[in-house]
Amino acid sequence: ADLDVLLKKGLTPVRAEQLMSWKLDEKELIILDTRHADTFTEGFIPDSIFIGLEGRFAEWGGTILPFDTDILLVTEPGKEEESLIRLTRVGFERIIGYLEGGFEAWRKAGGPIDLVINIEPDELAMDIPFDDHLVVVDVRKPAEFEEGHVEDAVNLPLDKMRDPVSMANLEETDNLYVHCGGGYRSVIATSLMKRQGFHNVRNILGGMEKIKGTDVPLILM
């Protein structure tokens, strides 16, 4: 499609009250949050998918998101056009607008809010011996996992998580501790897990890079 047409449509402001009036559980719509990972975990619109501009944004967008579903953007103020253009470059044409005023407008309007608990690797080390329901989910690529991983961790590569079936072996009673290599991919993964109804989810800050410097038991190849 013509870029000017896509920009005009994608830069349509949607007020928080208008978004609240939509029956999101009945409407086929993806709310895509492109803010920084640290900001996203502190509060977001329930069922949003996080893919932050600070990482490999367009690449993960093309991997995770469907091309045949409407998308509404939630961005840092002033980042609406950048988010839109980077998505159109990889073929997204169904971006219907952005949340006017961003997440703060949603918060001020009294919209429901979800969050992701962030923990340091040291907290994981302390929890492992005492939590029979603790499951470490490593969302790195299989090759990264094979080079070294947390003992008894489950490898669930992020690029497979577009399909909800990939999470079929996870239980609602599991306490899921999610990590990647450095901390970006794991936040995408936690947003997808939340969207599928897994709410006992924790994001391990710094990923494997920080885990290696703690007492967390590792299997190293």
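The values are calculated or read from the model by the stated rules, or taken from the named source; none is laboratory data. Computed from a prediction, not measured in an experiment: that's the story for all the values here. Side chains included, ligands, DNA and RNA excluded: accessible areas come from the protein's heavy atoms. Shrake-Rupley method; radii C 1.70, N 1.55, O 1.52, S 1.80 Å.
Worth a mention:
- Think of a 1.4 Å ball rolled over the protein heavy atoms: the stretch 121-221 then has 50 Å² of accessible area per residue.
- Percentage, to the nearest whole number, of Cα pairs in the stretch 94-221 over 19 Å apart: 51
- P(r) histogram, all alpha-carbon pairs of the stretch 1-114 included - 5 Å bins from 0, percent: 2, 12, 25, 26, 21, 11, 3, 0
- The stretch 1-120 - share of DSSP beta bridges that are antiparallel (%, nearest 5): 10
- Relative intensity, log₁₀ I(q)/I(0), of the chain from a Debye sum that treats every alpha carbon as a point, q = 0.08 Å⁻¹: -0.29
- Pairs of lysines in the stretch 1-146 whose Cα atoms sit within less than 28 Å of one another amount to 13, provided the residues are eight or more positions apart or on different chains.
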